[in-house]
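Data block below; observations after.
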Amino acid sequence: MKLIYLSGLAIACTLMVSSFTGGNDDGGNSSLPAGTKFIDPAHIDNSVKPGDDFYTYANGSWMKNTTIPASETRWGSFNLLEDFNKNALHTLLEDAAKVKNAKKGTPMQMVGDLYRCGMNVDAIEKAGIAAISDQLKQIDAISSSSQLIDYLAAATKEQANPLFNFYVGPDDKEVTKNICNLFQGGLGLPDRDYYLKTEKRQTEIREKYQAHIKNMLTQSGESNSDAEKHAQDILKLETELAKVSMDRVTMRDPHKLYNKMSLEELSKKTGVINWQYMFIKMGVPKEKMVIVAQPDFFQAMAGMLQSTPIATWKTYLKWHCIHGFATFLSAGFDNENFNFYGKTLRGQQEQKPRWKRVLGVVDGAVGHQLGKMYTDRYFTAAAKKRMLTLVNNLQSAFEVRINNLDWMSAETKVKAKEKLYTFIKKIGYPDKWRSYAGLTIVPDSYVKNVVASNKFDYNYMISKLGKPVDRTEWGMTPPTVNAYYNPAFNEIVFPAGILQYPFFDMKTDDAAIYGAIGAVIGHEMTHGFDDQGCEYAADGNLKNWWTEEDKSRFEEKTKMVKEQYDGYTILDGKHVNGALTLGENIADLGGITIAYDAFKKTTQGKGNTKIDGFTPDQRFFMSWAQVWRQNIRNEEAEQRLVTDVHSPGIHRCNGPLSNFAPFYTAYNVKPGDKMYKPENQRAKVW
C-alpha cells in the first residue's frame, strides 16, 4: 500500500489524546488546553519582517524559548501534540496492565500483557541474547546456498528478512485485486548515499557504523578480532548492495517501480533463486505473478548470493538479526543500538522513557485494540462531523480551482473533477475494526510477543491474496498524529490523532482552523494531483487520464516548483533536493491555496474583524506557519535532507507563501523583501 504522508515524523507511534471530557457525544467540547491561545502573539518575533522570513516572524520567539528535549531529535507542533497524547495514553496502558486476569484475546488482556512484559526490565535483562537464541541457531545451521534461501523465506514469514521486502497490496494497474510485491532492502544505514558518498559526514558515519557492528557482535560473544573482521565484511557486503539499489528520486516514479512478471520469468533473471520454490516456502504457493519494484537489484542480489561466501552471509544475517531485535533485548544491546542510531545518526542525547518506547510497540502490534480504547474515551462525534464539513468545503474549493485553471483543457478538467469527487474520506477511526483473533500475547516474554505479532501480521497480509481489495482498511491506527493519501484507494485519511490543537479545535475561529487542519486537508487532496498522484486515475489504477498537451504543461508547472526548492538551503549551504521533495512541495502549495479559497467563503473570511490585532487573513497565514514550526538537531536535519520526501519546516512554510498573492496582500510584501518574487517567477500548479 503506497501511502503519502503529511509529516516526515520518523516515530514508531505518533499518538494523541484530546481533552474531551466524554465518549462519543455531540458536545463539541474544545480541545484547546486551558489558558492556551490557538494563535499566540507571544510566539511572534517582531524583529523579523514578515516579508523577509514569515516562518521566523510567526514562530521566532517560540523557537528561541523552546528547548528540544534530550530524548528528541526535533521539537515542533507535531511533537508537542504527540507528547501530550502519549502522556494521556500512558494512563490507558497502566490501567490495562493492572488487570491481571483479563479474558484472553480481549483488548484489555492483549494491551495489558504486552505493555507489562515490555516494561519488565528485570526479565528482559535476565534473558539477555538468549531471547533470540532460536533465530541465531537457525542462522548458525546454514551450510549451503539452498539453506540460505530457506532461511530467507522463513525470516520473511517473521517479517525479519533483512535482504529484501515482501508485501501484499493492490495491483497498481488492477487495483481491485491484491498481488505479491518485492522491494529492495539489505542496508543497515538509512540510505545508499551513506555508503557511496565521500563527503566528511558520510565517511565518518561509515567508520562509526563499522565500530557499532563490532561492538554489537562482541556483546553477542564474538572475540574482538572476529568481530572486527566480521564488521568489515558486513560493511563491504552492504556497500555492494547499496551500489545496485535504486535511488530515492527514481523510486518516486510509480511506472519505474511497476515491473509485473511471472515467478518463472523472475527466476530466469535471478538464477540461483527459484522463486516458485521461495514462494512456497514463504507460504504463498498458489501465486504465479509478482510485481518487482527494482529488478536490477534482485538480479544483482542473486549474483551476490552465489559469489559471496556462505560464512559472510551468515555473519551478515547474524548482525541484522541482533540489530533488528536490539531494542527488545538487554540494556547492553539496547544502549549500543541507541548510541549509534540515536546519538550518532540523529543527534538524540538520551533514550526516550521506556514506557514511550513500549507504547510504540503496543501500537504496532495491537494498534486497533489500543485505538478502540482511545476513541471510546476521547473522540467525539461532533469533531468527526465538523471535520467532514471542512473536507467537503475544501473539495468544493478545489473544484473551483480546477474550473479556473488556464493551462488545462476542458477534457482533462472533467477527469480531474471525477477523481476529486470519488475521494474516499476516512475521518477519526475505521467503521470496521480489525480483529486480532488468533494472536496470542503472553505475559512473560517481550521477544516472543514481538515475533508472534510479526507472524500474525504476515499471515493477515497474505490472507488477502485471492480476495477483493478491502477499501475500508486503514493504513494508520486511529491515535496517530498524521494524515495520508493512498492513490490505489483514491482516499484521504485523517486519524483522530491529528484532530486536536494545534491543528484542529471545535471552538476556534475559522481563520485558525482553515490555516491549520484546512491546509492539511488541502495537502492530502493535492497529493491526488501531485507528480506521483497524477499518474493514478479516479478508480485508483496507474493509467494516464491526461491529454498529451495538458501533461506537458503540468510538467512545466512542476519543474518550476522543483527548481524553487533546489535553491533552498539549510545548515550553512546544504541544499534541499527539489526532485525528492517535489510531491510534498506541490501538496503544500495546493494545501494552502485550496484552504484559503475555502476560508474566504466563511463569514469570517468575508469580513475584516481583527482578533488580537490581526486580520482574518493574517491569522490564517499565522496558523499555517505554526503547523510547521520546529527546532531540530543538525544531525537530524542533515539526515532528512537525504531520506525525507518533505522539505525542512522553514521551507514548507515560506516556500508556498512566496508564490501566493493573498499572502503578499495580507502582509504588504513588496519588492526588496526577501520572500518577494516577481509574478512571472511564482510557481502555480493547482
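The values are calculated or read from the model by the stated rules, or taken from the named source; none is laboratory data. Keep in mind that this is a model prediction, so the values were computed, not measured. As a convention, Cβ positions derive from the backbone with ideal geometry for all residues, glycine included, and neighbour counts pool all protein chains shown.
Just one of the listed residues (Val249, Val244) is surrounded by 17 or more Cβ atoms within 10 Å (Cβ to Cβ), of a type in the set (A, V, I, L, M) and within 27 Å of the chain's Cα centre (by Cα), namely Val244.
Any residue in the range 403-417 that is over 30 Å from Asn120 (Cβ atoms), surrounded by fewer than 16 Cβ atoms within 10 Å (Cβ to Cβ) and acidic (Asp, Glu)? Yes, there is a match, as at least one residue in the range 403-417 is over 30 Å from Asn120 (Cβ atoms), surrounded by fewer than 16 Cβ atoms within 10 Å (Cβ to Cβ) and acidic (Asp, Glu). Would you check if Ala397 is small (Gly, Ala, Ser), in the same structural domain as Asn541 (by TED's automatic domain parsing) and crowded, with 19+ Cβ neighbours inside 10 Å? Taking the combined requirement at face value, the residue satisfies it.
For Ala595, the criteria (1) at pLDDT 95 or above; (2) over 18 Å from Arg252 (Cβ atoms); (3) more than 21 Å from the chain's Cα centre (by Cα); (4) not in a helix (DSSP H, G or I) hold in every case but one, which is (4).
Residue-level analysis places Gly613 outside the set of residues that are modelled with pLDDT of 95 or more and under 24 Å from Val685 (Cα atoms).
Listed here are the residues, each with its yes/no results for (1) closer than 28 Å to Thr327 by Cβ; (2) of a type in the set (Phe, Trp, Tyr); (3) in contact with a Phe, Trp or Tyr (Cβ under 6 Å, 6 or more places away or on another chain); (4) modelled with pLDDT of 95 or more.
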| residue | (1), (2), (3), (4) |
| --- | --- |
| Lys432 | no, no, no, no |
| Thr440 | yes, no, no, yes |
| Met461 | yes, no, no, yes |
| Leu465 | no, no, no, yes |
| Pro479 | yes, no, yes, no |
| Tyr485 | no, yes, no, yes |
| Phe503 | no, yes, no, no |
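Among the residues of the range 641-686, just one is touching a Pro at 6+ places or on another chain (Cβ under 6 Å) and surrounded by fewer than 20 Cβ atoms within 10 Å (Cβ to Cβ), namely Thr643. Within the range 88-105, take every residue that is within 28 Å of Ala483 (Cα to Cα) and without any contact (Cβ under 8 Å) to a residue 24 or more places away in the chain and give me the one that is nearest to the chain's Cα centre (by Cα). Residue satisfying both the conditions and the ranking: Thr91. Of the residues Leu370, Leu329, Leu305, the single one that is closer than 30 Å to Lys268 by Cα and not basic (Lys, Arg) is Leu305. Beta carbons closer than 9 Å, at least 6 apart along the sequence or on distinct chains, pair a first residue in the range 533-559 that is over 16 Å from Met408 (Cβ atoms) with a second that is among the small types (Gly, Ala, Ser) for Tyr536/Ala488; Tyr536/Gly528; Gly540/Ala488; Asn541/Ala488; Leu542/Ala488; Lys543/Ala537.
For the range 369-426, how many residues are of a type in the set (A, V, I, L, M, F, W, C), under 26 Å from the mean Cα position of the chain (by Cα) and not in a helix (DSSP H, G or I)?
3
Scanning the range 280-309 for residues being out of contact with any Lys or Arg (no Cβ under 9 Å at 6 or more places or on another chain) and within 23 Å of Ser245 (Cβ to Cβ) gives a total of 10.
For beta carbons closer than 8 Å, sequence separation of 6+ or different chains, a first residue in the range 241-262 that is assigned by TED's automatic domain parsing to the domain that holds Leu163 and a second that is in a strand (DSSP E or B) and surrounded by fewer than 17 Cβ atoms within 10 Å (Cβ to Cβ), the qualifying pairs are Lys260/Met289; Met261/Met289; Ser262/Met289. Kindly establish whether Ile291 is over 30 Å from Cys534 (Cα atoms) and not assigned by TED's automatic domain parsing to the domain that holds Gly578. The answer is no for Ile291. Among the residues in the range 344-359, are any small (Gly, Ala, Ser), part of a helix (DSSP H, G or I) and touching a helix residue (DSSP H, G or I) at 6+ places or on another chain (Cβ under 7 Å)? No, the range 344-359 has no match at all. For the range 624-645, a residue qualifies if it is polar (S, T, N, Q), under 18 Å from the mean Cα position of the chain (by Cα) and under 22 Å from Thr203 (Cβ atoms), and the qualifying residues are Gln639, Thr643. Restricting attention to the range 247-279 and to residues that are among the β-branched types (Val, Ile, Thr) and either in a helix (DSSP H, G or I) or in contact with a strand residue (DSSP E or B) (Cβ under 7 Å, 6 or more places away or on another chain) (or both), the residue that is farthest from Lys543 (Cα to Cα) turns out to be Thr270.
Which one is surrounded by the fewest Cβ atoms within 10 Å (Cβ to Cβ), of the residues in the range 134-172 that are of a type in the set (Gly, Ala, Ser) and more than 32 Å from the chain's Cα centre (by Cα)? The qualifying residue surrounded by the fewest Cβ atoms within 10 Å (Cβ to Cβ) is Ser144. Within the range 565-592, take every residue that is among the polar types (S, T, N, Q) and touching a residue at least 24 places away in the same chain (Cβ under 8 Å) and give me the one that is nearest to Phe398 (Cα to Cα). Among residues in the range 565-592 that are among the polar types (S, T, N, Q) and touching a residue at least 24 places away in the same chain (Cβ under 8 Å), the one nearest to Phe398 (Cα to Cα) is Asn585.
Restricting attention to the range 85-107, the residues that are buried (at least 19 other Cβ atoms within 10 Å of the Cβ) and among the hydrophobic types (A, V, I, L, M, F, W, C) add up to 5. For the range 32-84, the candidate set comprises residues that are aromatic (Phe, Trp, Tyr), within 27 Å of the chain's Cα centre (by Cα) and within 22 Å of Asp612 (Cα to Cα); within that set, the residue that is surrounded by the fewest Cβ atoms within 10 Å (Cβ to Cβ) is Trp62.
Quick grid of which residues meet (1) farther than 27 Å from Thr665 by Cα; (2) surrounded by 24 or more Cβ atoms within 10 Å (Cβ to Cβ); (3) under 22 Å from the mean Cα position of the chain (by Cα):
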{"site": "Glu549", "(1), (2), (3)": "yes, no, no"}
{"site": "Val561", "(1), (2), (3)": "no, yes, no"}
{"site": "Asp588", "(1), (2), (3)": "no, yes, yes"}
{"site": "Lys600", "(1), (2), (3)": "no, no, no"}
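Taken over the range 154-181, the criterion of being closer than 20 Å to Phe297 by Cβ, in a strand (DSSP E or B) and of a type outside the set (Val, Ile, Thr) is satisfied by Phe164, Asn165, Phe166, Tyr167, Gly169, Cys180, Asn181.
For the residues Asn608, Asn631, the requirement of being free of Cβ contacts under 8 Å to residues at least 12 places away in the same chain and either surrounded by 22 or more Cβ atoms within 10 Å (Cβ to Cβ) or in contact with a helix residue (DSSP H, G or I) (Cβ under 8 Å, 6 or more places away or on another chain) (or both) singles out Asn608.
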